[in-house]
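Asker: Provided herewith is a single structure, encoded as structure tokens, for subsequent inquiry.
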Number of protein chains: 2
Amino acid sequence: MFGKKSFIPSWTETAPATGSYRSIFKYGDPNHFKHPSSHWYEMMKEEFGMSDADFEKKKDEGNTKVSLNRPPALKPGQIEQLSAIVGNENVSLDDFSRVKFSYGKTTEEMLELRKGLISEVADVVLHPRDKHDVAKIVEYCNGEKIPVTVFAAGSSVNFGCKPAKGGVILVLSTHMNKLLKINELNQTAIVQPGMFGPAYENALNNAPTLFGTRLAYTCGHFPQSFEYSTVGGWIVTLGSGQASTYYGDAYDIVFSQEYVTPAGNFKTLDFPATATGPKINDIMKGSEGTFGILVECTMKIFRYMPQNRQRFGYMFPSWEAAVEASREIMQSEFGKPAIYRISDPEETDRGLKLYGMPGFLDKFLQKKGFMPLKRCLCLGNCEGDADYTKLVKSKIADIVKKHGAINLSGYAVKKWEKTRYTEPYMREDLGDYSIQIDTLEAGVTWDNLHNLHKGVREYIKARPRTMCMTHASHFYPQGTNLYFIFIMKLDDPKEFREFHAGIIDAIQKYGGSLSHHHGVGRLIGPWMDKHLGPEQMAVLRTLKHHFDPNNIMNPGGQLGLDSDEKRKKLLKK
Amino acid sequence: MFGKKSFIPSWTETAPATGSYRSIFKYGDPNHFKHPSSHWYEMMKEEFGMSDADFEKKKDEGNTKVSLNRPPALKPGQIEQLSAIVGNENVSLDDFSRVKFSYGKTTEEMLELRKGLISEVADVVLHPRDKHDVAKIVEYCNGEKIPVTVFAAGSSVNFGCKPAKGGVILVLSTHMNKLLKINELNQTAIVQPGMFGPAYENALNNAPTLFGTRLAYTCGHFPQSFEYSTVGGWIVTLGSGQASTYYGDAYDIVFSQEYVTPAGNFKTLDFPATATGPKINDIMKGSEGTFGILVECTMKIFRYMPQNRQRFGYMFPSWEAAVEASREIMQSEFGKPAIYRISDPEETDRGLKLYGMPGFLDKFLQKKGFMPLKRCLCLGNCEGDADYTKLVKSKIADIVKKHGAINLSGYAVKKWEKTRYTEPYMREDLGDYSIQIDTLEAGVTWDNLHNLHKGVREYIKARPRTMCMTHASHFYPQGTNLYFIFIMKLDDPKEFREFHAGIIDAIQKYGGSLSHHHGVGRLIGPWMDKHLGPEQMAVLRTLKHHFDPNNIMNPGGQLGLDSDEKRKKLLKK
């Protein structure tokens, strides 16, 4: 090969054609691309037994125009009534819109869209202008028994915005996407649910200019999907940001909420704490559109102090040492890091290769006893007051040292920060050559972490030529999450579906929660009965029936509340 | 008066007679007494226009034997069946037990018991041995439609353990009072709900000896009623400990719970976080016995590091300065103090007098501009890692200085710590001379704190000769609580009831939550419809109906879920 120029696949460099399937499944900005690096390319060839020849021709690019040939199932009179509520300019009935606003970003959906296979879609797409529009739509649809499903940023990875029973899709991100007010005394912000993460964070960072506040603020919530996620989506799916160890999960940063439901509209109470019975504010969180529609959120906000950020990176000699040190950090009560992640041996070694670790560093690490497929990367940062972040960083340094870690400086986390939101873009290129990358994740207590990690990894690795990289990235005194990334060559949606279901089975079998922060949607729904048990599922179904007696709110398997025969078949007998 | 020996009332120094009314309403240990100091005595005479002569004869001491003359309303066969479940030795049918285990510690109850007036009582008192007994009792009572109410420590201040419809009282503190297991990896403890605070804390502090753990632990939850409160009570009433600013409220320190309900028995999930829909674990918290019975709690525990505690005390020149500095402390992100309290001017000045502030100190303070009925006391401590507590204390010092505070050292908080649990004992002596001391409290956001403080104080102070002392003692970035202590001369339960209802009205009118940590019970129940609004009350009633379709679980006005005609009359039209 010496002297020969390496082959580089012709990764797609143009925005998908208007109206094409590809324009729906492509992640994020149509004009942004993230191609696999040469390291990535070499790894894929090696792992999947592929050659340059296999990368000469793309497959199932989905470049054709979306065509549905399915007239809306609503009666013309119903469409007229709905149009009268939102105005004609806020109604879409064309094939492309009906598909686009019915699709999230699961691998299954991508595989199907690439082949031009369309499953359930909306009958009509509405773009409500405000919460009053939403209230009128829900009232009308409840009377007519028309299903209502919400779409905002569309980055759901569990069919959470899939209109399984057709009906109306409400796109909340078109108009209801503004930061309405900042209450600086209370450190709260009133936000419309369809506001995207970056717009919200930008407004808070620039609050002194935009809202005349004394200080600048941050939202504290930065999921990997940040650029294509909305504030409302964070709450109703129980998301977690990458800095959740410090700021809390979405659950923790919601002060109050306003909902529209078939059973009535209401705003939960604005108190920092209250001992007046079970908290409706918390009951609504995570309801994934099945109880009603979140139309306004009052969020806790935090002081924006990036100048105080302290970064760190370490290499541990083993996964056990990394976990043990992390537990000690989370239980020692000196404060908490903001971002804090540990990668298991496979993720660490692939990561080192993919990011192009220089050979001398690898040699140095090995000489020091940090061996490939044993060593584990840890990276993170601290946020808050300047003295606090210095203290937390120095305390972490003390603890990891006791557990045999070596200091890698803040370089790795700085590098990681640059790509923290862009990883999903690579799915497009990989998919062009039938390579799928997907993830599942679970909450877990410390005492079950190794058992869950081993059990789920074993299932994934039992599939030939399948990569499995795992990290923990959201920490609590009582445990953490495990985030499993799996990469394989495959293009049959059915084969994917069955393998994927097996991973969920393994998570359940080895005692993880079914999701730590992706939510349930229809993907995990069939496992919910076993997850919660009949008595607790009955509580959720009781609430569902109360809010939505006609089952029009996001019906068809969401949260496992009602039946989804197709996906139920994936459950092990 | 010079040379004349001061008169001292003959405060009661003997334990109440066995079987007497007094033995029921006396707070806490029958052999522990806390008499008003000479400062207290002088203050009462001055405030209420009383003389030594008024303290020569006690009134309504309640020394007679409890006599009920009301046979149990249950059928003999029913009592037999219940006895068969728990064993005859765990059944009480005598008048005294039926009254004792039906009464909490509201002022109204004390006033009535002093006069030998008995309202609703249990028909039978059962002491279940374990959660299986509880399950059998609830199943049987549900079939027979017999009301079931729980009693544990009996320090409720809102009729929360009052069997308004008679029936069965379950005393959970007799047998179900043990720490079952510590999971040191997860930092959790499995506790029976009837375990008293001191026993639980003691077991955790001594965990290395008792449970063979590596470290000692603390529960982090220390309400004023600590000595007469139980772990289960903390959870179902949404209590807050005096160190909640650091450790969190009871709501925050519950990891999972096991419940017995008429609709089935279940244990919530053991995950540090999970995104699988609305959290049943949270839905059950604060249900005050109306959904079912908490039979086992898994609690988060914390490292016990009293050696790291850092105490502080400050005097602010004004209430506004104290509030503003406190907000800055809670929003600055350098960590949190554990105990943190600010007293309003009236509480500060009465406190200084009652604790016997030396004259020279008062002169010094006035000279420095800290004037009586303007100045405000702040005290607290920091807990956690040694370097962390030093940092938090020093950051607080910086902020309070900027707001004009003067350092009083940790002396005041040390003195306060000694009496933190014993204040309620004084109610007995005061009541003997018709002086009542009671409290109401509310959660509030920063932007409404002064409005609420002013509004409620004005109502209380409009009553002639009525003291009102207020502090804030549980802090959040978004706000705090206001705790109103009112002292007055009065012995008519009806007069008390009406004045008290007016305070709740004022709290509602000026935008406080109806309770920050006392819970709702039957006392606040009538205000709940307005507090939550019809849509949100409907959610609670839906859950109630789901868990308890026959309305046997703590029925009769609890949480405002069902009607309580007597107390509803207190509501303003």
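Asker: Here are the criteria: (1) crowded, with 24+ Cβ neighbours inside 10 Å; (2) at positive phi; (3) under 26 Å from the mean Cα position of the chain (by Cα); (4) not hydrophobic (A, V, I, L, M, F, W, C). Tell me which single one A:G248 does not satisfy.
Answerer: The failed condition is (1).
Asker: So, in region A:540-550, how many residues would count as being touching a residue at least 12 places away in the same chain (Cβ under 8 Å) and open to solvent by 10 Å² or more (accessible area, probe 1.4 Å)?
Answerer: Kept after step one, since they are touching a residue at least 12 places away in the same chain (Cβ under 8 Å), are these residues of region A:540-550: A:540-541, A:543-544, A:546-550.
Applying the additional criterion that residues be open to solvent by 10 Å² or more (accessible area, probe 1.4 Å) yields A:541, A:544, A:546, A:549-550.
Matching residues across region A:540-550 total 5.
Asker: Those residues that are crowded, with 19+ Cβ neighbours inside 10 Å and not aromatic (F, W, Y), I need them from region B:93-107; list them, please.
Answerer: B:S97, B:R98, B:V99, B:K100, B:S102, B:G104, B:K105, B:T106, B:T107
Asker: If you scan region A:364-384, which residues turn out to be part of a loop (DSSP other than H, G, I, E, B) and open to solvent by 10 Å² or more (accessible area, probe 1.4 Å)? Outline the logic, then answer.
Answerer: From region A:364-384, those part of a loop (DSSP other than H, G, I, E, B) are A:368-375, A:383-384; that's our starting set.
Across region A:364-384, the qualifying residues are A:K368, A:G369, A:F370, A:M371, A:P372, A:L373, A:K374, A:E383.
Asker: What's the number of the condition B:N31 fails, among (1) open to solvent by 50 Å² or more (accessible area, probe 1.4 Å); (2) touching a Ser or Thr at 6+ places or on another chain (Cβ under 9 Å); (3) under 15 Å from B:P163 (Cβ atoms)?
Answerer: The single condition B:N31 does not satisfy is (3).
Asker: Between a first residue in region A:401-430 that is among the aromatic types (F, W, Y) and a second residue that is open to solvent by less than 30 Å² (accessible area, probe 1.4 Å), which pairs have beta carbons less than 7 Å apart while being 6 or more apart in sequence or on different chains?
Answerer: A:Y411/A:G313; A:W416/A:L379; A:Y421/A:F226; A:Y425/A:Y27; A:Y425/A:G28
Asker: I would also like to ask the following. Looking at region A:108-126, which of its residues are assigned to a loop (DSSP other than H, G, I, E, B) and open to solvent by 20 Å² or more (accessible area, probe 1.4 Å)? Write out each step before concluding.
Answerer: Step one: of region A:108-126, the residues assigned to a loop (DSSP other than H, G, I, E, B) are A:115-123.
Once the filter is applied, which keeps residues that are assigned to a loop (DSSP other than H, G, I, E, B) and open to solvent by 20 Å² or more (accessible area, probe 1.4 Å), region A:108-126 yields A:K115, A:G116, A:L117, A:I118, A:S119, A:E120.
Asker: Of all residues in region A:34-77, count the ones that are open to solvent by less than 70 Å² (accessible area, probe 1.4 Å), touching a residue at least 60 places away in the same chain (Cβ under 8 Å) and of a type in the set (G, A, S).
Answerer: Final tally of qualifying residues: 2.
Asker: Would you check if A:T419 is at pLDDT below 95, among the β-branched types (V, I, T) and within 30 Å of A:H500 (Cβ to Cβ)?
Answerer: Spelling it out, A:T419 is indeed at pLDDT below 95, among the β-branched types (V, I, T) and within 30 Å of A:H500 (Cβ to Cβ).
Asker: Looking only at region B:301-323, which residues are facing chain A (nearest Cβ under 10 Å) and open to solvent by 30 Å² or more (accessible area, probe 1.4 Å)?
Answerer: Passing the criteria: B:F302, B:M305.
Asker: Could you run through region A:114-137 and say how many residues are of a type in the set (A, V, I, L, M, F, W, C) and closer than 16 Å to A:L74 by Cβ? Break it down into steps so the answer makes sense when it comes.
Answerer: Going residue by residue through region A:114-137, those that are of a type in the set (A, V, I, L, M, F, W, C) are A:117-118, A:121-122, A:124-126, A:134-135, A:137.
Those still in the list that are closer than 16 Å to A:L74 by Cβ too: A:121-122, A:124-126, A:137.
Here the count works out to 6.
Asker: So, in region B:421-450, of the ones that are of a type in the set (D, E) and in contact with a Leu (Cβ under 8 Å, 6 or more places away or on another chain), which residue ends up surrounded by the fewest Cβ atoms within 10 Å (Cβ to Cβ)?
Answerer: Kept after step one, since they are of a type in the set (D, E), are these residues of region B:421-450: B:423, B:428-429, B:432, B:438, B:441, B:447.
Among the residues that remain, those that are also in contact with a Leu (Cβ under 8 Å, 6 or more places away or on another chain) are: B:441, B:447.
Working: B:E441: 26, B:D447: 17.
Among residues in region B:421-450 that are of a type in the set (D, E) and in contact with a Leu (Cβ under 8 Å, 6 or more places away or on another chain), the one surrounded by the fewest Cβ atoms within 10 Å (Cβ to Cβ) is B:D447.
Asker: While we're here: Does A:K353 qualify as being exposed (fewer than 13 other Cβ atoms within 10 Å of the Cβ), of a type in the set (K, R) and part of a helix (DSSP H, G or I)? Working first, answer last.
Answerer: Numbers: exposed (fewer than 13 other Cβ atoms within 10 Å of the Cβ): no; of a type in the set (K, R): yes; part of a helix (DSSP H, G or I): yes.
It is false that A:K353 is exposed (fewer than 13 other Cβ atoms within 10 Å of the Cβ), of a type in the set (K, R) and part of a helix (DSSP H, G or I).
Asker: Let me ask another. Does B:G335 fit the bill of being under 25 Å from the mean Cα position of the chain (by Cα), at the interface with chain A (Cβ under 10 Å from one of its Cβ atoms) and not charged (D, E, K, R)? Walk me through it before giving the result.
Answerer: Working: under 25 Å from the mean Cα position of the chain (by Cα): no; at the interface with chain A (Cβ under 10 Å from one of its Cβ atoms): yes; not charged (D, E, K, R): yes.
No.
Asker: Let me ask something else about it. If we scan region B:461-478, do we find a residue that is basic (K, R), part of a helix (DSSP H, G or I), without any contact (Cβ under 8 Å) to a residue 60 or more places away in the chain and open to solvent by 10 Å² or more (accessible area, probe 1.4 Å)? Can you show your working first?
Answerer: Keep residues of region B:461-478 that are basic (K, R), which gives B:461, B:463, B:465.
Then keep just the ones that are part of a helix (DSSP H, G or I); that gives B:461.
Imposing the further condition that a residue be without any contact (Cβ under 8 Å) to a residue 60 or more places away in the chain reduces the set to B:461.
Add one more test, that the residue is open to solvent by 10 Å² or more (accessible area, probe 1.4 Å), and what stays is B:461.
Yes, region B:461-478 contains at least one residue that is basic (K, R), part of a helix (DSSP H, G or I), without any contact (Cβ under 8 Å) to a residue 60 or more places away in the chain and open to solvent by 10 Å² or more (accessible area, probe 1.4 Å).
Asker: Got a number for residues in region B:62-115 being farther than 22 Å from B:I137 by Cα, in contact with a Ser or Thr (Cβ under 9 Å, 6 or more places away or on another chain) and of a type in the set (S, T, Y)?
Answerer: 2
Asker: Tell me which residues, restricted to region A:114-143, are closer than 23 Å to A:G194 by Cα and hydroxyl-bearing (S, T, Y).
Answerer: Answer for region A:114-143, where residues must be closer than 23 Å to A:G194 by Cα and hydroxyl-bearing (S, T, Y): just A:Y140.
Asker: Right, another one. Out of the residues in region A:338-350 that are open to solvent by 20 Å² or more (accessible area, probe 1.4 Å) and assigned to a helix (DSSP H, G or I), which is farthest from the other protein chains (Cβ to nearest Cβ)?
Answerer: Among those that are open to solvent by 20 Å² or more (accessible area, probe 1.4 Å) and assigned to a helix (DSSP H, G or I), it is A:R350.
Asker: Here's a follow-up. Might you let me know whether region B:403-414 holds any residue that is within 21 Å of the chain's Cα centre (by Cα) and outside any strand (DSSP E or B)?
Answerer: Step one: filter region B:403-414 for residues within 21 Å of the chain's Cα centre (by Cα), giving B:413.
Then drop every residue that is not outside any strand (DSSP E or B), which leaves B:413.
Among the residues of region B:403-414, at least one is within 21 Å of the chain's Cα centre (by Cα) and outside any strand (DSSP E or B), which makes the answer yes.
Asker: Another one. Among residues belonging to region B:251-269 that are of a type outside the set (S, T, N, Q) and in contact (Cβ under 8 Å) with a residue 60 or more places away in the chain, point out the one that is farthest from A:S473 (Cα to Cα). Break it down stepwise before answering.
Answerer: Narrowing region B:251-269 to residues of a type outside the set (S, T, N, Q): B:251-255, B:258-260, B:262-264, B:266-267, B:269.
In the following step, the residues that additionally are in contact (Cβ under 8 Å) with a residue 60 or more places away in the chain were identified as B:255, B:258, B:260, B:262-263.
Working: B:F255: 20, B:E258: 29, B:V260: 35, B:P262: 40, B:A263: 38 Å.
Per the stated criteria, the residue is B:P262.
Asker: Another question, then. Tell me which residues, restricted to region B:143-156, are of a type outside the set (V, I, T) and either over 16 Å from B:K131 (Cβ atoms) or open to solvent by 30 Å² or more (accessible area, probe 1.4 Å) (or both).
Answerer: Here is the first cut: in region B:143-156, the ones of a type outside the set (V, I, T) are B:143-145, B:147, B:151-156.
Those that are of a type outside the set (V, I, T) and either over 16 Å from B:K131 (Cβ atoms) or open to solvent by 30 Å² or more (accessible area, probe 1.4 Å) (or both): B:G143, B:E144, B:K145, B:P147, B:F151, B:A153, B:G154, B:S155, B:S156.
Asker: Among the residues of region B:40-49, is there at least one that is out of contact with any Leu (no Cβ under 6 Å at 6 or more places or on another chain), more than 17 Å from B:I437 (Cβ to Cβ), hydrophobic (A, V, I, L, M, F, W, C) and at pLDDT 95 or above?
Answerer: So far as region B:40-49 goes, no, none of its residues is out of contact with any Leu (no Cβ under 6 Å at 6 or more places or on another chain), more than 17 Å from B:I437 (Cβ to Cβ), hydrophobic (A, V, I, L, M, F, W, C) and at pLDDT 95 or above.
Asker: Next question. Restricted to region A:214-233, and to residues that are open to solvent by 10 Å² or more (accessible area, probe 1.4 Å) and either part of a helix (DSSP H, G or I) or basic (K, R) (or both), which residue is nearest to A:P193 (Cα to Cα)?
Answerer: The qualifying residue nearest to A:P193 (Cα to Cα) is A:G233.
Asker: B:Y103 - would you say it is aromatic (F, W, Y), modelled with pLDDT under 95 and within 30 Å of B:V520 (Cα to Cα)? Let's see the steps before the verdict.
Answerer: Values: aromatic (F, W, Y): yes; modelled with pLDDT under 95: no; within 30 Å of B:V520 (Cα to Cα): yes.
Criteria not met by B:Y103.
Asker: Among the residues of region B:200-213, which ones are open to solvent by 50 Å² or more (accessible area, probe 1.4 Å) and within 28 Å of B:H127 (Cβ to Cβ)?
Answerer: B:N202, B:N206, B:L210, B:F211
Asker: Please specify each residue of region B:257-296 satisfying the condition of being of a type in the set (K, R) and buried (at least 24 other Cβ atoms within 10 Å of the Cβ). Don't jump to the end; show me each part of the working.
Answerer: Of region B:257-296, the ones of a type in the set (K, R) are B:267, B:279, B:285.
The one that is of a type in the set (K, R) and buried (at least 24 other Cβ atoms within 10 Å of the Cβ): B:K285.
Asker: Let me ask you something else. Look at region B:541-555 and say how many of its residues are within 23 Å of the chain's Cα centre (by Cα) and facing another protein chain (nearest Cβ under 7 Å).
Answerer: Number satisfying all stated conditions: 0.
Asker: Would you confirm whether or not region B:383-399 contains a residue that is more than 30 Å from B:L215 (Cα to Cα) and in contact (Cβ under 8 Å) with a residue 12 or more places away in the chain? Full working, then the answer.
Answerer: Applying the first criterion (more than 30 Å from B:L215 (Cα to Cα)) to region B:383-399 yields B:397-399.
Those left that are additionally in contact (Cβ under 8 Å) with a residue 12 or more places away in the chain: B:397, B:399.
Taking every residue of region B:383-399 in turn, at least one turns out to be more than 30 Å from B:L215 (Cα to Cα) and in contact (Cβ under 8 Å) with a residue 12 or more places away in the chain.
Asker: Give me the helices (runs of 4 or more DSSP H) completely within region B:31-106, filtered to those with at least 3 residues that are over 30 Å from B:M426 (Cβ atoms), ordered by residue number.
Answerer: On the way: elements: B:38-48, B:76-86, B:95-100.
Correct list: B:76-86.
The values are calculated or read from the model by the stated rules, or taken from the named source; none is laboratory data. Remember, it's a predicted structure, so these values are computed and weren't measured experimentally. Glycine gets a Cβ as well: all are built from the backbone with ideal geometry, and neighbour counts include every protein chain shown. For accessibility, only protein heavy atoms count, side chains too; no ligands or nucleic acids. Shrake-Rupley method; radii C 1.70, N 1.55, O 1.52, S 1.80 Å.
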